[in-house]
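Read through the structure below, which is laid out as structure tokens, and then see the notes.
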Amino acid sequence: MATASEARWFTVLTPRYLGPTVTLCLGVALLAFNGFLAATALPSAVVDLKGVALMSWATTVFLVFAIMGGTAAAIVKTRLGARMALLVAALVFIAGSLLAALAGGMPELLVGRALQGLGEGVVAAICYALIPELYPSKLVPRVFGAESVVWALAAFGGPALAGVLTETISWRAAFMVNIPLGLIFIALTLMVVPRRVEAGNVDRLPMVRLVLIGAAIMAISVAAVLRDPLPTALCLALAGAGLVAIVRRDAGAREKLFPTGAFRLNDTVGAGLWVVLLMPVAQAGIAVYLVYALQNLWDFGATLAGAINAVMAVAWSTMAIAISGVASVPGRHALIRLGPVFLTAGLAALALGVADQALWLVITGQVLLGFGFGASWAYLSQTIMESARPGERDRASGLLPTIQSAGYGIGAAIAGLIANMAGLAAAQTAGDIRAAMIVVFASGIAIGILAILAARITVRNARRLLATA
């Protein structure tokens, strides 16, 4: 257990912890920068490769394989050990980046994106799982604060770097950036992560469940790009039913992908995973449509609209750093409850800002969204990690970035369905666009309220668990 002096902010950058901190932050950076680099470079890539019709699939296959990799990461870590698993996953990510950069057509680009997703899904999940192994409990929020800074830097630097590389060299250069980053990560992993194989039974990979998870996420991703509300709703319904069936099947299986009690509201881990899922679902509509709204309702250029969109990431980092030193359990529980409240208030501010053409409300909403994630994410993640049953911490920890990614995928599909039902596809005037955007942004409020309830249940369960410990 760390003492108060040991839990100061810069402790994670002292010689004892500097190597792990840089390594884990770089693991997060691979995901963050790759996401922003790809989003900026892909439009040019698909035009060059004559594959505009398949542009959405370049994102879809990445998401599907990232979630499959993240779900399987705990078993991979047990089979190979954390060090070897990270090295193999990083090499897969590098291979995918190289294939995407050298692609002569869309098939090669899509395979490259799939390999990127598979490698990065495993890397991100294992990096999360290593946090409670490499740091004492009091330093865990500091690590999450450092990782949030990486996301903020990626939000601003990723699109700018990709834009410069794409315009001055080629879109291929934006994908090549991942290669030196991946090699540096491999070198740090060799130096920092201990060489050991996990103790305990070595489970086989439950390939059928992994493929079914991939198929369900694929259905969600397809739903996100469909324009007709009926097929969109059908895809979401099939995906939802499939995921529920997979979680239930996993509960009785020998080789588990999910921790015991996953998504059960009477369990701390289960209720906490609902918060991890629902907060991104609620915010996804903003992530998908805010830049579009700013460009069409305020006539902003891409740079200014992108900067306003990145305000959320900066607010997240600022709040995460500010609250990372909270030591009392009641204080941490209060922040877990407060996060979804900030989130829901931010969604309301954004909807009102669009309705009143009030830019200050839009920016305020972005700040509140960032504060919501920044206030709760570290302590929510830590609570889930520490509440996991013996032998299941890796499963619980590794699922956090995976469930977060799934939340954004589900939320994007729901937002697309609502936008189309609100008439966005047929919108002819700024008034039509505004009306549709109000509906999309306001719809997230209902999901935010569900997140508030799930957070309260999580804290209640955590308190009960502490009382009986």
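For the stretch 221-327, the helices (runs of 4 or more DSSP H) that sit wholly inside it and include 2 or more residues that are assigned by TED's automatic domain parsing to the domain that holds Leu210 and surrounded by 18 or more Cβ atoms within 10 Å (Cβ to Cβ) are 229-251.
Tallying residues that are of a type in the set (Phe, Trp, Tyr) and touching a Gly at 6+ places or on another chain (Cβ under 8 Å) within the stretch 99-153 yields 1. Taking the condition part of a helix (DSSP H, G or I) and either hydroxyl-bearing (Ser, Thr, Tyr) or closer than 18 Å to Ala216 by Cβ (or both), does Ala100 pass? Answer is no for this residue. Name the single residue, out of those in the stretch 8-54 being buried (at least 16 other Cβ atoms within 10 Å of the Cβ), modelled with pLDDT of 70 or more and hydroxyl-bearing (Ser, Thr, Tyr), that is nearest to Ile184 (Cα to Cα). The extreme case among them is Thr23. Looking across the stretch 253-288, the residues that are at pLDDT below 85 and closer than 28 Å to Leu417 by Cα come down to Ala287, Val288. The condition (being within 16 Å of the chain's Cα centre (by Cα) and of a type in the set (A, V, I, L, M, F, W, C)) is satisfied by just one residue among Leu417, Leu424, Leu399: Leu399.
The values are calculated or read from the model by the stated rules, or taken from the named source; none is laboratory data. Please read all numbers here as calculations on a predicted model, not as lab measurements. Glycine gets a Cβ as well: all are built from the backbone with ideal geometry, and neighbour counts include every protein chain shown.
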